[in-house]
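The values are calculated or read from the model by the stated rules, or taken from the named source; none is laboratory data. Computed from a prediction, not measured in an experiment: that's the story for all the values here. Neighbour counts run over all protein chains shown; Cβ positions are idealised from the backbone, glycine included.
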Amino acid sequence: MAAEVKSLNEECGVFGVWGDPHAAVLTHLGLHTLQHRGQEGAGIVGLTDHGLHRHNGFGLVSEVFADPESLRQLAGTAALGHVRYATAGGRILENIQPLLFRFSNESIALAHNGNLTNALSLRAKLEADGAIFQSTSDTEVLMHLIRRSHAAGFQAQLCEALNQVHGGFAFALLTEHALYAASDPNGFRPLVVGQLPSGGYVICSETAGLNAVGADFIQDVQPGQLVVVDELGLHVSQYTTDTQLAVCSMEYVYFARPDSEIHGVSVHQARVRMGERLAKEQPAAGDIVVGVPNSSLSAALGYARASGIPYEMGLIKSQYVARTFIQPTQALRERSVRMKLSPVRPVVAGKRVILVDDSLVRGTTAIQLVQLLKDAGAKAVHLRIASPPLRFPCFYGIDIQTTHELMAANHSIAEMRDLLGADSLGFLSTQGLEDSVGLQTTAPNGGLCVAYFTGEYPTALDDYEQTLEAELAKLQINIPEVSA
């Protein structure tokens, strides 16, 4: 996504290790690999000789763990880490995960990627029953449900709690006796299991995290699945069989690292296929193809291959500018775009540029990029988006829970083209996206959640249902429109 300022904010990342003497150090390395999934805060809980201990704080992993002593204090044979971008709750220290709970008989660390659609109603009921919450995060709801369960044993209590929460989630929990991980019944959020050369295990959000610590991939955590790692090894079971695969399509479009694989599909190769399909569906008369660094480069490569139009590095990204979507004002976010991306004038001057981006949310960045290229002498800028028009909110872990700022929800393609200042504008079709990912499944929509494009949500929306209905009643959206 262009300079990451489009208000489509990343989800979170989890990384856990069990059975390795360097667990905290490996988790620290793994969180660096998952840093793209959240920059608001980071934390690690380590299983030490004296029980579970935590270090967390605001900022990047390198900032939170700048003091080497912070890692040494977490040394032990197991650890659980988390990088956060807030999708529910506010920016307070109590929300920085993993959350750590201390009870009279045990301590439990909890990390979560996703968003619970019934968290508000569950929390209200729990508070009415006397529960006291320490954070504003929806994650904490799960622990209250676990502690209120009368099932025999922690694993049975966890399963009972998992069957009460709805929405998108990948949970990881660390106790003094085991590491647990669970995926929601649709598998919205990715979660994988690997094994270290030491014999220990890793559970994390992306296979890139496994690669970073030299772990061999074992499996994706399937929808409704519970994975437990303890001193006896790896145990896999289903906490529910009422499942249907619906992986978040934006993982393939934008969120995941290109060197990751999700359910056996290479993210980079899927993006290349999106670009190839986009070239067939939305051709343009251009002299060069330019991708928006970094997440759009794979799609731009595919577009160039399929169209036969040369791929050029027409935009350069500075690697040393803070991520722009976290700037406090729109004016600062827009200024940050020009700091972060700059055109290569000799490459674009006098050329008809086909600019490939992965998605279009608010459009504020695209407006600036089109203008940057034209200021650099581009004869024309044809904007091509390697995903369908994003017209509907997400309630499963992406921070877009309103249609107000979604450009495609409020304007036709022709209107967007004019607002963006582009000479033409075209999007990938939903079918094109599903085919490009190519999951081997018989699940609807090719095993993807495409609700952001179609408005067809794979689950009930619980606490969000009425608000969404009221919003959509005000909008008239022409779904088939993909080019102008």
Can you work out which of the residues in the stretch 5-50 that are in contact with a Lys or Arg (Cβ under 7 Å, 6 or more places away or on another chain) and surrounded by fewer than 23 Cβ atoms within 10 Å (Cβ to Cβ) is modelled with the lowest pLDDT?
-> S7
Checking A156 against (1) of a type outside the set (V, I, T); (2) within 21 Å of R54 (Cβ to Cβ); (3) surrounded by fewer than 22 Cβ atoms within 10 Å (Cβ to Cβ), the condition it does not meet | (2)
Specify which of the listed residues (T403, T442) is in contact (Cβ under 8 Å) with a residue 60 or more places away in the chain and of a type in the set (S, T, N, Q).
-> T403
Scanning the stretch 107-133 for residues that are within 25 Å of the chain's Cα centre (by Cα) and either more than 24 Å from H53 (Cβ to Cβ) or surrounded by fewer than 18 Cβ atoms within 10 Å (Cβ to Cβ) (or both) gives G114, N115, L116, T117, N118, A119, L120, S121, L122, R123
Do any helices (runs of 4 or more DSSP H) entirely within the stretch 40-159 hold 2 or more residues that are closer than 17 Å to T27 by Cα, and if so, which?
-> 61-64, 69-72
Matching residues, the stretch 404-455, being modelled with pLDDT of 95 or more and of a type in the set (D, E, K, R) = E415, R417, D418, D423, E434, D435
The one condition E176 fails out of (1) touching a residue at least 60 places away in the same chain (Cβ under 8 Å); (2) out of contact with any Phe, Trp or Tyr (no Cβ under 6 Å at 6 or more places or on another chain); (3) surrounded by fewer than 23 Cβ atoms within 10 Å (Cβ to Cβ); (4) part of a helix (DSSP H, G or I) is (4)
Could we say that D230 is surrounded by 18 or more Cβ atoms within 10 Å (Cβ to Cβ), of a type in the set (D, E, K, R) and either in the same structural domain as T27 (by TED's automatic domain parsing) or touching a Lys or Arg at 6+ places or on another chain (Cβ under 9 Å) (or both) here?
-> no
Return the residue satisfying two criteria in turn: it lies in the stretch 286-310 and is at pLDDT 95 or above, under 27 Å from the mean Cα position of the chain (by Cα) and part of a loop (DSSP other than H, G, I, E, B), and of such residues it is nearest to A256 (Cα to Cα).
-> S296
Report whether or not Y254 is among the aromatic types (F, W, Y), in the same structural domain as D358 (by TED's automatic domain parsing) and within 23 Å of A212 (Cβ to Cβ).
-> no
Please determine, by comparing only the residues of the stretch 371-387 that are in contact with a strand residue (DSSP E or B) (Cβ under 7 Å, 6 or more places away or on another chain) and more than 25 Å from S436 (Cβ to Cβ), which one is surrounded by the fewest Cβ atoms within 10 Å (Cβ to Cβ).
-> K379
